[in-house]
1. Here are some pairs, LYS33/LYS341; LYS125/LYS299; LYS566/LYS641; LYS271/LYS331; LYS3/LYS223; which of them have Cα atoms lying more than 25 Å apart in this structure?
2. Name the long-range amide H neighbours of SER250: under 5 Å, sequence gap of 5 or more, or other chain; modelled H, no Pro or chain starts.
3. Distance in nm between label sites at ASP663 and THR344, each 7 Å beyond Cα in the beta-carbon direction?
4. How many Å² of accessible area per residue for the range 641-696, probe 1.4 Å?
5. For the peptides 163-171, 714-722, what is the packing order when you average, over each peptide's residues, the other Cβ atoms within 10 Å and list the highest mean first?
6. In nanometres, what is the gap between the two model label sites at LEU538 and LYS223, each 7 Å from Cα along Cα-to-Cβ?
7. I'd like to check one number: the per residue accessible area of the range 49-137, probe 1.4 Å, reported in Å² as a whole number.
8. R0 = 45 Å: FRET efficiency of LEU746 with GLN710, Cβ-based, nearest 0.05?
Amino acid sequence: MEKICVAVRVRPPVVNANVNGNEGEGGFTSHWKVDDNRISLHRSLAGTPLPPALSYTFDHVFDHDCSNSSVYDLLTKDIIHAVLQGFNGTAFAYGQTSSGKTFTMNGSHNDQGIIHRAVEDIFSKTNTSTDREFLIRVSYMEIYNEEINDLFAVENQKLQIHESLERGIYVAGLREEIVNSADQVLKLIQMGEANRHFGETNMNVRSSRSHTIFRMVIESKGKDSASNDYSTLDDAIRVSVLNLVDLAGSERIAKTGAGGVRLKEGKHINKSLMILGNVINKLSDGAKQRGHIPYRDSKLTRILQPALGGNAKTSIICTVAPEEVHIEETKGTLQFASRAKRITNCVQVNEILTDAALLKRQKLEIEELRMKLEGSHAGVLEQEILKLRNDMLKYELEREKLAMELEEERKSHRERISAQGSESLTQETIDTQQGDAFSTPTFKPAPHAFVAKRSYKSTPPEYSPLPYEFGDVADEDTWFKMNNGFIPDLDLISMTPAKQVSDCQVGNDKEIQNLQRQVYEAIDEKTEFEKKYKEQLLLNNQLVEKISKLKREAEEIPNRLRESCKAVNEEIASNVQSLVADDKSTAAKLFSRTSEFVTFLMSTFEANMFKNEGNKSSSGKEENEQGSNKDKDCPQVASWKTELSSEIELMKEMYKSMEQELDTNNHLLEASKERVDALERESQLLLAERDDLLLTVSDSSKRLAALSQQNEKILQDLACEIQKRKRLEEEIKQFSIAFASRQRSLISFHCDFQSKLEDHLKAQSLPKSFDFST
Ligand code: ADP
Ligand code: MG
């Protein structure tokens, strides 16, 4: 039992970020402090340090000034060396986005990461190993949106995970490359990275949400220099797997879980990392309380199952960001790390004795090739061998993928049948469809099929599966014709890997299968050659026919040429005539003359052609003489000639006058162009002016609108004021009326009072001279 090795690495603080010293909640400041293999959260209040709030111890804690080289030496190197000895090994990088996972795994230009160092280490060890020989395969995959994509082959998307007794858990159809140098691997990784970036608009988002797994499968076998008899190689071969994993940002768990992000990738990342967390939680509970471990709930945990509580030496490097803003994330990462620290794995060397090891199967072929190529350019040949090996591997993977698809198809077919209800089918047909390895979803096997059936439920036969009757058994040729040249490899129609037979029988079976395969291969080759021969014959016949056809055509060419020239000439003549009839322009006249000229040329050409045909043997000189004699003999031709020369003169003159006309037209055109330019400039200026005016107009209209608004407001105020004044006037009026009536009543009261007083005074006999008004 072996504990998982857990380390924490603190990334250097980001310049200009809120690192330390900023006062947090309640006046506290916090920062992480690394002390040997301990990391603690220190706090201080108003500059006074407080005892550490949290403290964790791990196998290693790397401070921000630590290089990838020391991380590799202390954490991963041992695992890599163990992998070469046949142990499985896995190294994870876990942590929030931008905490340094990729920096640790892939490194930078100056400081290569773990993957680079591991690859170089592995090759330096294997190249110098004296006692073992190695075969190394690499693959590179990405889990994004809970789908597995092949980074070595963009076309391999959404790959499925399968499990078999021989290979354990594996990704079907994932491209594996056999490699023999570190450079080759690093180039492949570069290509993988480029594929990952292909068509991706926001790479940061993708890389923070996806997991990448770089995988090396290392097969090795003890060197046996004394023996060259590879057919007897049956000693144990070690097959170990190294996984180097760059996980998605761990903040996704918290953020997608708590915030309920509805994005698809959010959900899936959440799922994969959540399940990883769950698996680690369960594993850290200790063997007794463990219960069910949910490896199968996510692609990530399923692929890495052996690395988690299984048969693998595992290290986890948890990267953290030192900034105060990331304290909560960092705490989460450290808690994850502490749980992981409690996990124990049960590690053992993977030695296998079966034929599954690729190394063993390829050994013979490689050695054969080596023997053949001995003494020639070794480097080139090594490459050649590697290429062949890779081709073989690819075919194998392709075959495996097809087999998987076939199996899936069968499964779904069976499900369909059972869903449709068994009552429509007799028990017999169900048995046949389930048991027949050759059945396709639409194929109903005949009761006496000529192909011997192989039931995957039946035990392996003790003799070759010969049919009881030979009457309806097809011979090879019939079979070949019926299948359009395809000969099935019976071994591809696989038996279940779980068959239990004795070792001796297995050996015999294998031998028989090997022989069968060889026979089929030979037949394949033969039929291929036959096919090619037939094709070649067919091609030859076709070529002979073509050649004779071409010859015939070549003989007909002069006749055809003459006819086509005639036809063209006639057409031109008719066209020109119609033009002349339509139009009396100089061009039309020119055309008509030209056509006459062409007619003349044609007749001369024809005459020459006939002459050529008649006197093929006579020399050129004689021909010329004959020609001139003909001229002399034919006065019509001489008159044509003079006519023609005068016509040509006329045409020349016309041409000249047309040229002059053209010149003047050109001048005129230039002048008008200049005028147009000037006008354009003017119009542009006017347009600019108009734009300015429009701007000022819009400004003034805005101002006008504002003024009229103001005006309206003032008018409204005025109306209000007028109304108020009217109301006041009304009030004053009423008041003056009231006042007048009061005054009147007062005056009358005064008069009354005075008269009454006078009366009273009179009655009191006051002197008459007393004037009361004074
Ligand atoms: P992640 O993969 O966790 O999202 P990265 O590895 O991309 O984070 O790191 C984020 C940034 O921090 C990168 O620019 C990287 O170069 C830098 N970085 C991370 N760790 C270190 C380190 N230990 N030393 C120097 N730079 C680092
Ligand atoms: Mg990253």
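The values are calculated or read from the model by the stated rules, or taken from the named source; none is laboratory data. Since this is a predicted model, take the numbers as computed values, not measurements. Ideal geometry is used to build each Cβ from the backbone, glycine not excepted, and the neighbour counts take in all protein chains shown. Calculation scope for accessible area: heavy atoms of the full protein, side chains included, ligands and nucleic acids excluded. Shrake-Rupley method; radii C 1.70, N 1.55, O 1.52, S 1.80 Å.
1. Too far apart for the 25 Å limit: LYS125/LYS299; LYS3/LYS223.
2. Residues meeting the amide H criterion: GLY95, GLN96, THR97.
3. 11.1 nm
4. For the range 641-696, the per-residue accessible area is 92 Å².
5. On the way: 163-171: 15.1, 714-722: 10.0.
With the highest mean Cβ count within 10 Å placed first, the list reads 163-171, 714-722.
6. For the pair LEU538/LYS223, the computed spacing is 5.4 nm.
7. Accessible surface, normalised per residue, equals 41 Å².
8. 0.30
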